[in-house]
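What follows is a short report on a single structure.
The values are calculated or read from the model by the stated rules, or taken from the named source; none is laboratory data. Every value quoted in this text rests on a predicted model; they were computed, and no experiment measured them. Cβ coordinates were reconstructed from backbone atoms using ideal geometry, including for glycine residues, and neighbour counts include every protein chain displayed. These area figures cover heavy atoms from the full protein model, side chains too; ligands, DNA and RNA do not enter into them. Shrake-Rupley method; radii C 1.70, N 1.55, O 1.52, S 1.80 Å.
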Amino acid sequence: YVPEKDKKAVVEDLKPVYKANNQEQGYEKLLEFEDKWGKKYPLSVKSWLDNWVNLSTYFEYSAEIRKVIYTTNAIEGMHRQIRKVTKTKGAFTSDQALLKLVYLAFRELSKKWTMPMHNWGLTMSQLYIKFGERLKAFGDFFLGGG
């Protein structure tokens, strides 16, 4: 809902909302965001306000987990690499052909993932406290064992 020319400024003004310490502080920051941008971009602000009940569940998590949620650089990098592989193809003969190509691209990409996330051990501990056995079902890969 925000044109490219203002996108950086709007995103910068949203940071205090999702970096707030708790739901109440986040909502206060959202109201400040509304004061600044509500007249110029009412749909964008309305979307945040209308969905605050769902969006604010984010504050149920510890600061470590919240940072992993809002830090999407790794995901964006992976998407960029997969797009690089798929955009050179005109069309796919089937959905299965596309899935195979994405799988192979992902397999090659994952070989380059050598840098662990900052504070990954602490984050995993927090996730384990919250999700316990559900997290264990994913095995050692997520728990840092390989």
What pairs come up if the first residue lies in the stretch 42-67 and is within 17 Å of V2 (Cα to Cα), the second is of a type in the set (D, E), and their beta carbons are under 6 Å apart, counting only those six or more places apart or on different chains? V45/E34
Kindly indicate the residue of the stretch 30-68 that is among the basic types (K, R) and outside the structural domain of K130 (by the TED database) and also most open to solvent (accessible area, probe 1.4 Å) among those meeting that condition. K39
How many of the residues in the stretch 69-92 are open to solvent by 50 Å² or more (accessible area, probe 1.4 Å) and closer than 24 Å to S125 by Cβ? 6
Restricting the first residue to the stretch 3-22 and requiring it to be in the same structural domain as Y41 (by the TED database) and within 16 Å of L49 (Cα to Cα), which pairs with a second residue that is of a type in the set (V, I, T) and open to solvent by 70 Å² or more (accessible area, probe 1.4 Å) meet a Cβ separation below 9 Å and a spacing of at least six or different chains? Y18/I69
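Residue-by-condition table, conditions (1) modelled with pLDDT of 95 or more; (2) closer than 20 Å to T71 by Cβ:
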residue	(1), (2)
E4	no, no
L14	no, yes
Y18	no, yes
N21	no, yes
E28	yes, no
L31	yes, no
D35	yes, no
L43	no, no
Checking the condition surrounded by 13 or more Cβ atoms within 10 Å (Cβ to Cβ) and of a type in the set (S, T, Y), which residue from Y27, Y103 passes? Y27
